[in-house]
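*Asks:* My questions all concern the structure below.
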Amino acid sequence: VPFMARKMMAASTPVVEIFSADDTWTIKTSTMIRTTELKFKPGEEYEESMPNGETLKNMTTIEDGKIVTVSQVPDGSKTTRTYSFSEDGMLLTLVHEKSGETAKRHFKRLQ
């Protein structure tokens, strides 16, 4: 990710909304720059378009009260996003399989 984009992302305060209607879930992430929406049915593969033009193949499941998304990256590696919830908010944990790196972002509950 280019330097300026990384700086802007680090300074942003995204708002994440997660909700379901019938058997379809939506994860909506809003920042000053853009808003993205992921719509999926747990256990079914779906595609996600990244800002750089790449397309990820995702599978999302609900496990022990957590939302877990495994993404197949075009280079063949996998990335896992885990959304964990508490009374205070949400913890988003990202794990990149190829590099072995883990990143965490904490969100506070607004409602």
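The values are calculated or read from the model by the stated rules, or taken from the named source; none is laboratory data. Computed from a predicted model, the values in this text were never measured in an experiment. Note that each Cβ is placed from the backbone with ideal geometry, even for glycine, and that neighbours are counted across all protein chains shown. Accessible surface areas use protein heavy atoms only, side chains included; no ligands, DNA or RNA. Shrake-Rupley method; radii C 1.70, N 1.55, O 1.52, S 1.80 Å.
*Asks:* With all protein chains present, how much of the accessible area of segment 16-79 (probe radius 1.4 Å) comes from carbon and sulfur, to the nearest whole percent?
*Replies:* Numbers: 1940 of 4090 Å².
Answer for segment 16-79 is 47 percent, counting heavy atoms of protein chains only.
*Asks:* May I pose another question? How would Met9, Met4, Met50 rank on accessible area, largest to smallest, probe 1.4 Å? The partial results should precede the final answer.
*Replies:* Details: Met9 100, Met4 120, Met50 70 Å².
Reading off the accessible areas and sorting them downward yields Met4, Met9, Met50.
*Asks:* Short version: ³J(HN,Hα) in whole Hz for each residue of segment 83-90, in order, from phi by Karplus 6.51 cos²θ - 1.76 cosθ + 1.60 (θ = phi - 60°), x for Gly and Pro, what are they?
*Replies:* 9, 10, 10, 9, 4, 7, x, 9
*Asks:* Once the piece of chain linking Ser86 and Val15 is laid out straight, how much longer is it, given 0.36 nm per residue of separation minus the C-alpha distance between them?
*Replies:* On the way: separation 71, 0.36 × 71 = 25.56 nm, distance 1.62 nm.
The span from Ser86 to Val15 would gain 23.9 nm if fully extended.
*Asks:* A further question follows. Enter the accessible area per residue of the chain (Å², integer; probe 1.4 Å; all protein chains in place). It would help to have the intermediate numbers written out before the result.
*Replies:* Values: 7930 Å² over 111 residues.
Using a 1.4 Å probe on heavy atoms only, each residue of the chain averages 71 Å².
*Asks:* If you don't mind, another one. Loop-only check: which GluC sites (Glu not before Pro) in segment 68-103 are DSSP coil with at most 12 other Cβ within 10 angstrom?
*Replies:* Details: sites: Glu87, Glu97, Glu101; in loops: Glu87, Glu97.
In loop regions of segment 68-103 (DSSP not H, G, I, E or B), the sparsely surrounded GluC sites (Glu not before Pro) are Glu87.
*Asks:* Rolling a 1.4 angstrom probe over the protein chains, ignoring ligands and nucleic acids, what is the accessible area of Ile33 in square angstrom, nearest 10?
*Replies:* Counting only protein heavy atoms, Ile33 exposes about 110 Å² to solvent.
*Asks:* Which value in nm describes the separation of the simple spin-label points at Asp23 and Gln111, placed 7 Å from the Cα toward the beta carbon?
*Replies:* Label at Asp23, label at Gln111, 2.5 nm between them.
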